[in-house]
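What follows is one structure encoded as C-alpha cells, with my remarks underneath.
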Amino acid sequence: MTLSFAAALLGELRAHNPLVQCITNSVVTNFTANVVLAIGAAPAMTDIVGEAGPFARVAGGVLVNLGTPTPEQRLAMEEAVAAANESATPWVLDPVAIGALPIRTALAQKLAPQTPFAIRGNASEILALAGEGAGGKGVESTDSTEAAAPGAIALAQRLNTVVAVSGPEDFITDGIRVIRVANGDELLTKVTGGGCALGALIAAFAAVRGTNSPVEAVAAAHAVYGIAAEQAAAQAAGPGSFAVSLIDALSTLTPSAISSEQRIREYAA
Amino acid sequence: MTLSFAAALLGELRAHNPLVQCITNSVVTNFTANVVLAIGAAPAMTDIVGEAGPFARVAGGVLVNLGTPTPEQRLAMEEAVAAANESATPWVLDPVAIGALPIRTALAQKLAPQTPFAIRGNASEILALAGEGAGGKGVESTDSTEAAAPGAIALAQRLNTVVAVSGPEDFITDGIRVIRVANGDELLTKVTGGGCALGALIAAFAAVRGTNSPVEAVAAAHAVYGIAAEQAAAQAAGPGSFAVSLIDALSTLTPSAISSEQRIREYAA
Amino acid sequence: MTLSFAAALLGELRAHNPLVQCITNSVVTNFTANVVLAIGAAPAMTDIVGEAGPFARVAGGVLVNLGTPTPEQRLAMEEAVAAANESATPWVLDPVAIGALPIRTALAQKLAPQTPFAIRGNASEILALAGEGAGGKGVESTDSTEAAAPGAIALAQRLNTVVAVSGPEDFITDGIRVIRVANGDELLTKVTGGGCALGALIAAFAAVRGTNSPVEAVAAAHAVYGIAAEQAAAQAAGPGSFAVSLIDALSTLTPSAISSEQRIREYAA
C-alpha cells in the first residue's frame, strides 16, 4: 500500500523525534506535553523571557498559544517568534478566545503578520482574526466552520500562511488549496485542551514536513489527531476516560492505520 | 417523580451551558476545567489583568481560588470581583490554605467582605476566615466540620453570604438555613483539586439558580459533585482512576439520579 | 520478614503524612501533587514570594524544580531555600533542562552549593551541573547514566549532598556510597513529569528518614516509585493509562511489596 502524505509524515515524526517548544496556557500544559510525547516528539514548555528565544532557535517547531497570556508569557512569545523567524523554525499561532478579550486580541493581531507557519483556531477565533467576527463564547465557537471558510481563505492569502479551522469537519487552507479532514470526535470538545494540543501537533509535523507543502503538514496533524480521537472514543465512558485513551491511541497509531482511516478531501480554494 | 431542587438545577445547568470564569491555582486548572465541561458548563480560566474584569462582566459565574496567588493573579482577582459586583455576576471565594500563609490570608480578608455569592473551604480555612482558627496543614484541614459550624454560621451572617464547609458531611449555611449534604467519597481528598473544582461547580450552579435561594444552589453543587464521586469510587482502583471516573460520572449524571441518590438534610441555623 | 530500609521508610511516610512543599514547573504541578498524595504525604505548591519562605519553615521537605522558572518563582525558590536551610528542612534540587538554557543554568549553579539534601536529574542535567556536559535535548537526556557516574560522584563530594541520576538503572551516590536501583519502566519517560514527580517523592522520604542516611532515603524514593511504575506498566495500554495506574499503584503499595520487589544494589563509590 502506498502511504498517504499524512501516514508518511507520521513515520517521519517517529523517526526524527522533533523538539517542540510550547508556549501555551496554564490549563493545558500537562495534556499538551503528554500529547506531544505520545505521538513521538519531544515537548519543552520553555516560556520565560531570556530562554524562550534561545530555545526557539534549536527547536524543530514552536507553538504560541494565547490561552492565559501572562505579561511574562507575552514577552516570551514575542522573543520566541522573533528567534524562530531568524532561525527558520516554523511556529504556530493559536489565538485562543480572541475577539472580546482585549489583551490577547491585540497580541494576536501583532503576531499574526509575523509569518507563522500556520494559524489554528475554532471558527469564531479565525473570524475574529480575519476581522469578520466578534469572537465566541469564551473558548467555545459560536460560528460554524462553513461560515468561517471565506474568512480563513482570505486570511491565509493576506498573511501567506496556512489557516486551519477546527470543527466537525476541519477546514485547512493555504489560500490556494483547501483540505478538509473529517476525522475526529465530538468528545474532543469536552476535554480542555482538546484543540490546544492540536496546535502542538501541528508544530511537530511542521518540523518534519520535508518536501511536503505546509498545508499538507497541517492536514496530517489534524488527520492523525482525529483518528486517535476516534479510536479513543470507541472505548471511552465519558470525557475523562476519553482523554486517557487519546494519549494511549496517539502512542500506538501506525502510519498504515492513518492511510486506511483518514478521511481527507481536497478542493481548490 | 418530582425533581429535587438539586436535580432541577442540574437540568437548568445542562440547558443553559453557563460560562464559568475560573481564576484558580496552577495545580488544578486542568482538572477544574474538565469538571466544568463534564457537568455541562463552559469554563474559561481568564486570569490576567485587563481581561479578568471584562470577562467577569459577561460570565455566568466566577470562581476566585487563592491556591497559588501570583502577583498578577492577585490583581486580576480584585479586578474580576469589582467587575462581577458591578455586573451582578455571582462570584465564589475559595480561601485555600489561609491562616498561616500571610499573603493569601490578607487577600481573603480583603475579598470576603465584597459580597461573594458563596465562600467554600475546609473546616480549617473557614475557621481561619471567621477569625477563630490558625489554619490547617497546608491545604488539609486539621479541624472537623462540626467544630467549624458555629463559625460558619456567624461568618455567613456577618458577610451576608453562603458559607460551605467541606467534610465527610458538607455543612452549608446562609446564616439562617443549614443544609447538610452527606454525598461524597473520601477519595475526593486524595485527588488534588478535589475541593477546588467544587468551587467552580458552585459558580456554575449560581449562574443558573433562577428563583432558588443561594444556599440551595450551593447545596445542589455539593450533592451533584458528591453523587458523581460516589459513582466514581464504586469503580476506582485508587485515586488515579477515581479522578478519571469522576469526570465520566459528572458527564453522565441525570437529574433523576440526583433526586434518588441525594442525601440532603436541612435544619434551621 | 525483615523489611528493607526502603520498605521501612514507606511505612514511616504513611505513618507521618509529611508536608511536602513543591516549587515546581507549570507542566507537572497537578501530576506531582497527585503522586505526593498517592504515596501518603501532603503536597502544597506554595511558590510565591512572601509565602514560599514561611512555608518552607514548617514543611517536612521542599522540592525546587527549575522546569518553568518564572521571575516570581525564581525569587520564591531563593526565599524557600534560605528558609529551609535556617529551619533544617531538607530540600531537593531538580535542575530541569539546564545546560543550554541560560537563566535556569545560572540559577542551578547558584542554588546547588546551598546545601541541598539531594540533587536529582537525568544524566545530561547532572553532567551540566557538574560542569562536564552541554545539557540534553530539552528535558530529555542525551547522555547515559554510566557516562554521568563519575561526574555525579564528584558533584556529591564537592557539594556534600546526594546526587541521583535517573536512567534505566538509577545511580544514587553521596560521594562515598553508590546505590543503584533497577526498578522502573520506560513508560516513565513517556509521561511528562515522570521524573519531576520523583523529586517530590525524594523530599517526602527526606522528611521521614529518621536515622537512615540521606542516600538511603533517596534510594528508597527511587525504589518505591520504580516498583509502582512496574505495577502500572503491567496493566497499561499506553502512556495515558500508565499515568493513571501509576497513581493507583502508589496508593496501594505496601512495605512488604517493596521488600520483595526492590532491585537495589550497593557499591563503594
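Evaluate the following for A:Ile98: is it buried (at least 19 other Cβ atoms within 10 Å of the Cβ) and within 14 Å of another protein chain (Cβ to nearest Cβ)?
Working: buried (at least 19 other Cβ atoms within 10 Å of the Cβ): yes; within 14 Å of another protein chain (Cβ to nearest Cβ): yes.
Answer is yes for this residue.
Inside region C:178-222, can you point out the residues that are among the acidic types (Asp, Glu) and under 30 Å from A:Ser251 (Cβ atoms)? Selection gives C:Asp185, C:Glu186.
Within region B:229-269, the set of residues being more than 17 Å from B:Val36 (Cα to Cα) and in contact with an Asp or Glu (Cβ under 6 Å, 6 or more places away or on another chain) comprises B:Glu230, B:Ala233, B:Ala237, B:Gly238, B:Gly240, B:Ser241. Of everything in region A:112-127, what is under 30 Å from B:Gly53 (Cα atoms) and either surrounded by fewer than 22 Cβ atoms within 10 Å (Cβ to Cβ) or at pLDDT below 90 (or both)? Give them in sequence order. Scanning region A:112-127 gives A:Ala112, A:Pro113, A:Gln114. Residue check: is A:Ala59 farther than 19 Å from A:Ala200 by Cβ, crowded, with 20+ Cβ neighbours inside 10 Å and modelled with pLDDT of 95 or more? Judged against the criteria, A:Ala59 is not a match.
Taking every residue in region B:33-50 that is facing chain A (nearest Cβ under 8 Å) and pairing it with any residue that is in a helix (DSSP H, G or I) and of a type in the set (Phe, Trp, Tyr), at least 6 positions away or on another chain, the pairs with Cβ-Cβ distances below 7 Å are B:Ala44/B:Phe55; B:Thr46/B:Phe55.
Screening the candidates C:Ala76, C:Ala6, C:Ala82, C:Ala106 for the property of being over 20 Å from C:Asn212 (Cβ atoms) and open to solvent by less than 10 Å² (accessible area, probe 1.4 Å) yields one hit, C:Ala76. Selection over region A:223-247 of residues that are in contact with a strand residue (DSSP E or B) (Cβ under 7 Å, 6 or more places away or on another chain) and within 30 Å of B:Ala249 (Cβ to Cβ) gives a count of 1.
When C:Trp91 is tested against (1) facing another protein chain (nearest Cβ under 9 Å); (2) closer than 19 Å to C:Ile126 by Cβ; (3) open to solvent by less than 10 Å² (accessible area, probe 1.4 Å), only condition (1) is not met.
Residues in region A:30-54 that are open to solvent by 10 Å² or more (accessible area, probe 1.4 Å) and under 16 Å from A:Leu75 (Cα atoms): A:Met45, A:Asp47, A:Val49, A:Gly50, A:Pro54. On the stretch given as region A:227-260, residues that are away from chain B (no Cβ under 14 Å) and buried (at least 24 other Cβ atoms within 10 Å of the Cβ) total 6. Restricting attention to region B:5-29, which residues are among the polar types (S, T, N, Q) and touching a helix residue (DSSP H, G or I) at 6+ places or on another chain (Cβ under 6 Å)? Of everything in region B:5-29, those that are among the polar types (S, T, N, Q) and touching a helix residue (DSSP H, G or I) at 6+ places or on another chain (Cβ under 6 Å) turn out to be B:Gln21, B:Thr24, B:Ser26. The residue list A:Ala223, A:Ala206 contains one member that is more than 14 Å from chain B (Cβ to nearest Cβ), in contact with a Phe, Trp or Tyr (Cβ under 7 Å, 6 or more places away or on another chain) and either buried (at least 21 other Cβ atoms within 10 Å of the Cβ) or touching a residue at least 40 places away in the same chain (Cβ under 8 Å) (or both), which is A:Ala206. Residues that are farther than 30 Å from B:Ala38 by Cβ, basic (Lys, Arg) and not in a helix (DSSP H, G or I) occur in region A:203-210; there is at least one. Of the listed requirements (1) surrounded by fewer than 18 Cβ atoms within 10 Å (Cβ to Cβ); (2) farther than 15 Å from C:Ile23 by Cβ, C:Ala130 misses just one: (1).
The one condition from (1) of a type in the set (Gly, Ala, Ser); (2) touching a Pro at 6+ places or on another chain (Cβ under 6 Å); (3) within 17 Å of C:Arg104 (Cβ to Cβ) that A:Ala56 does not meet is (2). Looking only at region C:1-52, count every residue that is of a type in the set (Asp, Glu) and in a helix (DSSP H, G or I) and tell me the total. Of the residues in that region, 1 qualify. B:Gly194 passes every criterion in (1) part of a loop (DSSP other than H, G, I, E, B); (2) open to solvent by 10 Å² or more (accessible area, probe 1.4 Å) apart from (2).
When A:Thr105 is tested against (1) within 14 Å of another protein chain (Cβ to nearest Cβ); (2) over 29 Å from A:Pro43 (Cα atoms); (3) modelled with pLDDT of 95 or more, just one condition goes unmet, and that condition is (2).
Yes/no per residue for (1) closer than 22 Å to A:Ser213 by Cβ; (2) away from chain B (no Cβ under 14 Å); (3) among the aliphatic types (A, V, I, L, M); (4) touching an Asp or Glu at 6+ places or on another chain (Cβ under 8 Å):
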residue: A:Thr161; (1), (2), (3), (4): yes, yes, no, yes
residue: A:Ile179; (1), (2), (3), (4): yes, yes, yes, yes
residue: A:Ala182; (1), (2), (3), (4): yes, yes, yes, yes
residue: A:Leu187; (1), (2), (3), (4): no, no, yes, no
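Name the residue that is surrounded by the most Cβ atoms within 10 Å (Cβ to Cβ), counting only residues in region C:142-189 that are assigned to a loop (DSSP other than H, G, I, E, B) and among the hydroxyl-bearing types (Ser, Thr, Tyr). Of everything passing the filter in region C:142-189, C:Thr161 is surrounded by the most Cβ atoms within 10 Å (Cβ to Cβ). Can you name the residue in region C:53-73 that is in a loop (DSSP other than H, G, I, E, B) and facing chain B (nearest Cβ under 9 Å) and is also nearest to A:Thr29 (Cα to Cα) among such residues? Across region C:53-73, the extreme among qualifying residues is C:Thr70.
The values are calculated or read from the model by the stated rules, or taken from the named source; none is laboratory data. None of the values given here were measured: they were computed from a predicted structure. Positions of Cβ are backbone-derived with ideal geometry, glycine not excepted, and every protein chain shown enters the neighbour counts. The area values use the complete protein model at the heavy-atom level, side chains included, leaving out ligands, DNA and RNA. Shrake-Rupley method; radii C 1.70, N 1.55, O 1.52, S 1.80 Å.
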